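Working notes, structure below.
The values are calculated or read from the model by the stated rules, or taken from the named source; none is laboratory data. Here the structure is a predicted model, which means the values were calculated and not measured. Glycine gets a Cβ as well: all are built from the backbone with ideal geometry, and neighbour counts include every protein chain shown.
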Amino acid sequence: MIKVTRINNTELYLNYFQVESIEAHPDTVITMMNGNRYMVREKPEEVFAAFRRFLASTVAEGIKLSKEG
């Protein structure tokens with residue numbers, strides 16, 4: 001999951017695997033697979049970078065676990 005900030009400054013954690021799209025209108029709008037839409041303060045590039053960090057950490061943890069046997 002990644003943390004984003006709603007327009008009203010509350011934190012929101014999103015499941016990467018449920019995100020359908022990220023758009024800039026000019027505010028960033030994240031649409032989930034269930035149709036929920038969230039306006040966030042982060043730019044689309046920042047959200048994408050957070051997703052990349054999440055995926056990288058997930059892969060790294062998987063590699064670590066596979067080496068442990």
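Going residue by residue through the stretch 13-28, is there one that turns out to be assigned to a helix (DSSP H, G or I) and surrounded by 11 or more Cβ atoms within 10 Å (Cβ to Cβ)? Yes, the stretch 13-28 contains at least one residue that is assigned to a helix (DSSP H, G or I) and surrounded by 11 or more Cβ atoms within 10 Å (Cβ to Cβ). Within the stretch 1-14, residues that are of a type in the set (Ser, Thr, Tyr) have Cβ atoms under 9 Å from residues that are in a strand (DSSP E or B) in these pairs: Thr5/Glu11; Thr5/Leu12; Thr5/Val40; Tyr13/Ile2; Tyr13/Lys3; Tyr13/Val4, counting only partners at least 6 apart in sequence or on another chain. The set of residues in the stretch 15-40 that are without any contact (Cβ under 8 Å) to a residue 12 or more places away in the chain, closer than 14 Å to Phe51 by Cα and not polar (S, T, N, Q) contains only Phe17. Going by the conditions given, is Gly35 modelled with pLDDT of 90 or more and at positive phi? So Gly35 passes the test.
When the stretch 30-48 is filtered for residues that are in contact with a strand residue (DSSP E or B) (Cβ under 6 Å, 6 or more places away or on another chain), in a loop (DSSP other than H, G, I, E, B) and either exposed (fewer than 13 other Cβ atoms within 10 Å of the Cβ) or among the hydrophobic types (A, V, I, L, M, F, W, C) (or both), only Met33 remains.
Residue check: is Phe51 part of a helix (DSSP H, G or I), free of Cβ contacts under 8 Å to residues at least 60 places away in the same chain and surrounded by 12 or more Cβ atoms within 10 Å (Cβ to Cβ)?
yes
Quick check: anything in the stretch 56-65 surrounded by 14 or more Cβ atoms within 10 Å (Cβ to Cβ) and without any contact (Cβ under 8 Å) to a residue 60 or more places away in the chain?
Among the residues of the stretch 56-65, not one is surrounded by 14 or more Cβ atoms within 10 Å (Cβ to Cβ) and without any contact (Cβ under 8 Å) to a residue 60 or more places away in the chain, which makes the answer no.
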